[in-house]
Amino acid sequence: MPARQHRVTRGEDYRRAVRTGRRVGGALCITHAVLRAQGEPARFGFIVSKAIGNAVTRNLIRRRMKTVVERRLHMGIGELDVVFRALPAITDASFEQLEREMNRALDRLSREMLPRSAAS
């Protein structure tokens, strides 16, 4: 699980990312991101609604998404607040498919939003 410094915890931060952030769509999840101050660590949030399934299914999906984020943090990413909103198709996807889509969205957001030196 990402450390507390890497988690979006306040409702207003979720709302800011979803309402004003750049959006990248996908088959399994929608990714929203807003810039943070330079030098700030990246923070991640997850929205997994009841449309996904029961509590066991939602928690499984959330744990998978957190694992992908944890791996991505080790590769290096910063200065973004990122919120992933799971879509119902996520329940049928393998972990590899989920990881590929989340990394594609993060790569795209990093390229578009971060200065050249920070995205590399």
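The values are calculated or read from the model by the stated rules, or taken from the named source; none is laboratory data. Bear in mind that the values here come from a model prediction, so they are computed numbers and not experimental data. FYI the Cβ positions are ideal-geometry reconstructions off the backbone, even for glycines, and counts take in every protein chain you see.
Take LEU60 and tell me if it is under 23 Å from ARG10 (Cα atoms), within 16 Å of the chain's Cα centre (by Cα), assigned to a helix (DSSP H, G or I) and at pLDDT 95 or above. For LEU60, the condition - under 23 Å from ARG10 (Cα atoms), within 16 Å of the chain's Cα centre (by Cα), assigned to a helix (DSSP H, G or I) and at pLDDT 95 or above - is met.
When the residues of the stretch 27-43 are filtered to those that are over 12 Å from LEU109 (Cβ atoms) and not aliphatic (A, V, I, L, M), the one that is surrounded by the most Cβ atoms within 10 Å (Cβ to Cβ) is CYS29. Here VAL82 fulfils each of the conditions (1) crowded, with 20+ Cβ neighbours inside 10 Å; (2) part of a helix (DSSP H, G or I) apart from (2). Inside the stretch 88-97, residues that are surrounded by 17 or more Cβ atoms within 10 Å (Cβ to Cβ) and not in a helix (DSSP H, G or I) make up a count of 1.
Checking each residue in the stretch 1-55 for being assigned to a helix (DSSP H, G or I) and modelled with pLDDT of 85 or more picks out GLY11, GLU12, ASP13, TYR14, ARG15, ARG16, ALA17, VAL18, ARG19, THR20, ALA55.
Of the residues that make up the stretch 47-64, is at least one in contact with a Leu (Cβ under 7 Å, 6 or more places away or on another chain) and of a type outside the set (Lys, Arg)? Within the stretch 47-64, not a single residue is in contact with a Leu (Cβ under 7 Å, 6 or more places away or on another chain) and of a type outside the set (Lys, Arg).
Looking at the stretch 57-70, which of the residues that are among the hydrophobic types (A, V, I, L, M, F, W, C) and under 16 Å from ALA93 (Cα atoms) is surrounded by the fewest Cβ atoms within 10 Å (Cβ to Cβ)? Walk me through it before giving the result.
Taking the stretch 57-70 first, the residues among the hydrophobic types (A, V, I, L, M, F, W, C) are 60-61, 65, 68-69.
The next check asks that each one be under 16 Å from ALA93 (Cα atoms); those that pass are 60-61, 65, 68.
Working: LEU60: 15, ILE61: 22, MET65: 23, VAL68: 19.
Among those that are among the hydrophobic types (A, V, I, L, M, F, W, C) and under 16 Å from ALA93 (Cα atoms), it is LEU60.
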